[in-house]
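The values are calculated or read from the model by the stated rules, or taken from the named source; none is laboratory data. The model shown is predicted, which means the values in this text are computed figures rather than measured ones. Here the Cβ positions follow ideal geometry from the backbone for every residue, glycine too, while neighbour counts run over all protein chains shown. Quick note on the areas: whole protein, heavy atoms, side chains included, nothing else; ligands and nucleic acids left out. Shrake-Rupley method; radii C 1.70, N 1.55, O 1.52, S 1.80 Å.
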Amino acid sequence: MKKNGNTKIYLLVLLPFLVVVFLYEILPLMMMIISSFRSETDSSVLFTLENYIAAFTKLSYQRAILNSLKITLISTLIGIAIGFLGAQSAHSSQGRLKNLFLTILNMTSNFAGVPLAFAYMIILGNSGVLLLLAETLGLDFLANFDLYTGSGLILMYVYFQIPLSTLLLIPAFSGVREEWKEANTLLGGRGYHFWFKVGIPVLLPSILGTMSVLFANALAAYATAYALLMNNYSLLPVNITGMFTGDMTTRPHLGAALSVVMMLLMLAAIVINNYIIRQTTKWKGR
Amino acid sequence: MKKSRFAPIYIIAVIIYLLIPLVATAIYSMFRKWTGILPEGFTLDHYISLLSNKAFLLTLGRTVIVCIVPIALTVVITLLALFAVTIYFPKLEKYVQFLCMIPYTIQGVILSVSILGLYAGIGGFFGLRLVMLIGAYCIIILPYIYQGIRNSMHAVNMPMLIEAAEMLGASKIGAFFKVIVPNIISGITVSSLLAVGIIFGDYVLIRNITGSSFQNVQIYLFLAMKRSSTEASAVFVIIMLVTFLITALVLYLQSRDKRLRMESKGR
């Protein structure tokens, strides 16, 4: 019994951690979930679904959810495709070029948010330097590019997805063994046979895991979009923030409901990803 | 060999794509105007006026302070928690891990508005904007600090080291701080630097929680963008230089660690 009493004292060592996590993670989240069921207009109502109904039926919130999903999904898909080829290229090369590539990927992996939006305004904004260059060279498709739209946002989101997806995928390629490629060649297969029949299926868990990181990353991105478009483009994080800190009246309960929707989207990405990984890696257990 | 020709070309293309916005903005910051194909009038005036601007220097100082406090706090509480969990309560480890991973999924926007919603109305210590900000930073860097410390604790085989130190007459907690912490100090440094990178790049938490009353460099850049693009481009270059410096330090420490580990294994 003495030992048992002794160990209990060490719970005190755990206490500071629990206090900080409780005060700034658990309690705020719980209160937000509770707050999302409170009425925005009548403070005597303790439980209502009106905020959630508004989130899914009112056109402006629907648009925010759909815009967020669209930009997140497109930037994730393009990001994973470019990152996959990048990781494969990095895997199959070595020496100085590979080191340079890795260094630049690491350096640019922190390049997002306000600085990224600013850099894109300099090169592609109104009278951006690349636009001027394209105008002089007569490249109309580039000269007429409008950064301050959804496609401008996608371009910037893809930019910050590339270093992340490449860096996350590179370690996975060491699991693709040279013998498999040789076996494929011996059996008369070509490069694309190998990648579509063997390489990508083997890498699928890593690809999906990376995709869910990219998805979360893009869905939660706020600074990049806000610095470029302020409140002129409807996105979930931008709308949520506006409801808590807006210049007009704040709508914290509705904002809380939208936050819960956003959390559920994140959670859905993780759950779907885990499910597919479990389905596709069953063969490994056999 | 078709593939070996493809790889270098692709790598170079991605490198160019990634560098264009950085290099173009850096060049932009060093010239008077860039309205034709080539920039005109080389000058460092933008930097001189920025670095002699008291408001900007104060902002830099505030950014440093707001980095140090939450990181120190999070490192200490995570170290203590992992010590208690690894040695005394192994069953609790998965709960601690779960708590440390939640911030990954909620991220900045939701965390900031939920903290704001809870504490903004109340007075006293918890209602102070700076306290709310530091609490939010502790949570947002928690996954990185936790993983860094846990991985290095696994790498040094902590239970065995503590047992050895106990046999030599040390107490568990004494062994932890005198043997384990010095051994994992480079892991702590690396994860702290990653956390510095996160806080240094933060815009959403500080914007939502402290508003314009407490600016960091990101807010400064945001406001400078509206004023003048040349001033903003100099702020941009300084932010990127600091970010690159942090990343370079992380990469250097990680590669040194790997080399040391390989060498000690080779012996």
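Points to keep in mind about this one:
- All-pairs Cα distance distribution in the protein assembly as shown, expressed in whole percent, bin size 20 Å: 18, 51, 28, 2, 0
- Accessible area, probe 1.4 Å, largest first, for residues B:69, A:238, B:131: B:69, B:131, A:238
- Percent accessible area from carbon and sulfur atoms, the protein assembly as shown, protein chains only, probe 1.4 Å: 67
- Within the shell of other residues whose beta carbon sits under 14 angstrom from the beta carbon of residue B:133, the net charge comes to +2, with Lys and Arg scored +1 and Asp and Glu -1.
- In angstrom, the C-alpha Rg and Dmax of region B:126-171 are 17.2, 48.
- Relative contact order computed over chain A (Cα-Cα under 8 Å; 6+ residues apart), in percent: 27
- Theoretical ellipticity at 222 nm over chain A - DSSP helices of four or more residues, -39500 (n - 2.57) apiece, nearest 500: -24000 deg cm²/dmol
- Applying 0.36 nm per residue to the separation of residue B:181 and residue B:167 and subtracting their alpha-carbon distance, the gain on full extension is 3.2 nm.
- Interchain or long-range residues, amide H under 5 Å from residue B:31's placed H: B:43
- Under a model in which nothing but the beta-carbon of Lys, Arg (+1) and Asp, Glu (-1) is charged, chain A shows a dipole of about 1340 debye around its Cα centre.
- Entries of A:70/A:181; B:54/B:226; B:94/B:172; A:70/B:94; B:172/B:258; A:70/A:197 with Cα pairs more than 25 Å apart: A:70/A:181; A:70/B:94; B:172/B:258; A:70/A:197
- Isotropically averaged projected area of chain A, using the convex hull of Cα atoms (one quarter of hull area), nm²: 25.1
- Local net charge near residue A:60, Cβ-Cβ under 15 Å (Lys/Arg +1, Asp/Glu -1): +2
- Extension gain from residue A:279 to residue A:66, taking 0.36 nm per residue of separation minus the Cα-Cα distance: 73.8 nm
- Straight-line cross-link reach from residue B:91 at under 20 Å between alpha-carbon atoms covers these aspartates and glutamates, not counting any fewer than eight positions away in the same chain: B:163.
- Sorting the Cα pairs of region B:2-42 by distance into bins of 5 Å, from 0 upward, gives 5, 21, 18, 14, 12, 11, 8, 6, 3, 0 percent per bin.
- Along region A:201-206 the Karplus relation, 6.51 cos²θ - 1.76 cosθ + 1.60 evaluated at θ = phi - 60°, assigns HN-Hα couplings of x, 5, 7, 3, x, 5 Hz to successive residues, with x for each Gly and Pro.
- Alpha-carbon centroid distance for the pair region A:102-152 / region B:192-267, whole angstrom: 22
- Charge dipole of the protein assembly as shown about the Cα centre (unit charges at C-beta), most positive-ward option of B:216, B:81, A:226: B:81
- Value of D in µm² per second that Stokes-Einstein yields for region B:1-112, Kirkwood Rh from Cα pairs, at 10 °C (1.306 mPa s): 79
- Scattering profile of region B:45-266 at q = 0.07, 0.16 Å⁻¹ [log10 I(q)/I(0), Debye over alpha-carbon scatterers]: -0.29, -1.13
- 14 Å beta-carbon shell around residue A:197, net charge (K/R +1, D/E -1): +2
- In sequence order, calculated HN-Hα J values of region A:216-233 (Karplus, 6.51, -1.76, 1.60; Hz; x Gly/Pro): 4, 4, 6, 4, 8, 4, 10, 4, 4, 5, 5, 5, 7, 10, 6, 9, 7, 10
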